[in-house]
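Chemist: My questions all concern the structure below.
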Amino acid sequence: MAVLEISAPITRPTRLPPIVVELWRDKSGLLGLTIIVLLLLMAIFAPLLAPYDPAVQAVTTRLKPPFWVEGGSMAHLLGTDQLGRDVLSRVIFGARASLLVGTSVVALAGTFGVLLGLFAGYKGGRTDAIIMRLVDIQVAFPGLLLILLIVSVVGPGTTTMIVVLACTNWMIYARLVRGIVLTIRQSAYVEAAEMTGCKPNRVIFKHVLPNLSSPLLTLGILEFTNVVLAEAAMSFLGLGIQPPATSWGLDVANGRDYIFVAWWLITFPGLSIAVTVLSINLFANWLRVTTDPQEREKRFARQKMAERRRSRSPLISKA
């Protein structure tokens, strides 16, 4: 009798999306994205992660060093400040302020600048001249003076800082978008859309704007780092986040008088700013290379050349 053998079903490995594979190969970009995700989670779940309320003062435990330094304790892992507040809790809650300000400023400045750049580049003529003269005036006006004027009239605070930084950053988006629109305005797909009877607004938002996603995404991420640094600088000068709220820049400002007595007051908020900016830059660099077709061709050519060299090396050694 013949025995029928039933073979087990062949399981094929699941294929990951190409963008995930490219990110896995780029270790620096993967590291940057991992740190960004951790910072976002830390900011969202700050009330659950922070061991203490960042505004609660305890003068009896003031200027306690971190736990690994003589005199420190596990009750305050990163020590306490001059008012007895837990440094670790303030660092965790400080991420909320920095990420909130960065996201809000990029969204406001990016939306306003992109809209003006689109209409300036597509309309041309008098519209382009008026918008670009506004950009030139805004660029020529000292940004610090504008910040001081607005803050002196309205008063310092988180909302004021977001509005001020958005007013001093929209020109970058407008100039970039205008330059790109001028180059693609005479493209075949734009002319085809106009010939089929599409209205100018539909051409701008349905045909022109989607082709700007790659450079705008990279620019927005890079500008996010500048906004984080600007927020820290304004808070350091007393023009940004105001007590009892906390931010990394405000903590650095509060600890500058104790730099030789309690180094941890400015070290950990400063490291938080540096790590955030570095991780965003690493991820933005990978994103720029991945979304730019020319950069992708260059990377593909380099990979092919490296594979050819590796394939030839055994033959050369045998010879």
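Every number here is computed from the coordinates shown, using simple stated rules; none is lab data. In this text, all values refer to a predicted model and were calculated from it rather than measured experimentally. Neighbour counts run over all protein chains shown; Cβ positions are idealised from the backbone, glycine included.
Chemist: Order by neighbour count: 286, 68, fewest other Cβ atoms within 10 Å first, most last.
Modeler: Ranking 286, 68 by Cβ neighbours within 10 Å, fewest first, gives 68, 286.
Chemist: Still on this structure: Placing +1 on the Cβ of each Lys and Arg and -1 on the Cβ of each Asp and Glu in the chain, which of 210, 98, 131 has its Cα farthest towards the positive end of the resulting dipole?
Modeler: Of 210, 98, 131, it is 210.
Chemist: Per the Kirkwood definition applied to all pairs of different Cα atoms, how many angstroms is the hydrodynamic radius of region 60-125?
Modeler: Every distinct Cα pair counted, the radius reaches 15.1 Å.
Chemist: Here's a follow-up. Projected onto the charge dipole of the chain (+1 at Lys/Arg Cβ, -1 at Asp/Glu Cβ, origin at the Cα centre), which of 108, 162, 236 gives the Cα projection farthest towards the positive end?
Modeler: After comparing all options, I get 108.
Chemist: Contour minus end-to-end for residue 55 and residue 182, with contour as 0.36 nm per residue of separation and end-to-end as the Cα-Cα distance?
Modeler: Length gained between residue 55 and residue 182: 40.6 nm.
Chemist: Also: Rounded to whole Å and sorted largest first, what semi-axes of the equivalent ellipsoid does the C-alpha gyration tensor of the chain yield via the square root of 5 times each eigenvalue?
Modeler: In descending order the semi-axes read 42, 36, 19 Å.
Chemist: If amide H atoms are built 1.01 Å from N in the plane of the peptide, which residues on other chains or at least 5 residues away come under 5 Å of the amide H of residue 80?
Modeler: Long-range HN contacts for residue 80: 63, 64, 87.
Chemist: Right, here's the next one. When a footprinting reagent is the concern and you count Cβ atoms within 10 Å, what order do 52, 258, 173 take, fewest first?
Modeler: 258, 52, 173
Chemist: Can I ask one more? Please state the Cα pair-distance histogram of region 170-209 with 5 angstrom bins from zero: what percent is in each bin?
Modeler: 5, 24, 30, 22, 12, 6, 1
Chemist: What list do you get for 307, 70, 194 if you sort them by fewest beta carbons within 10 Å?
Modeler: Ordered from fewest to most neighbouring Cβ atoms within 10 Å, 307, 70, 194 come out as 70, 307, 194.
Chemist: Over region 169-273, what per residue volume does the convex hull of the Cα atoms give, in whole Å³?
Modeler: Taking the convex hull of the Cα positions in region 169-273, it is 121 Å³ per residue.
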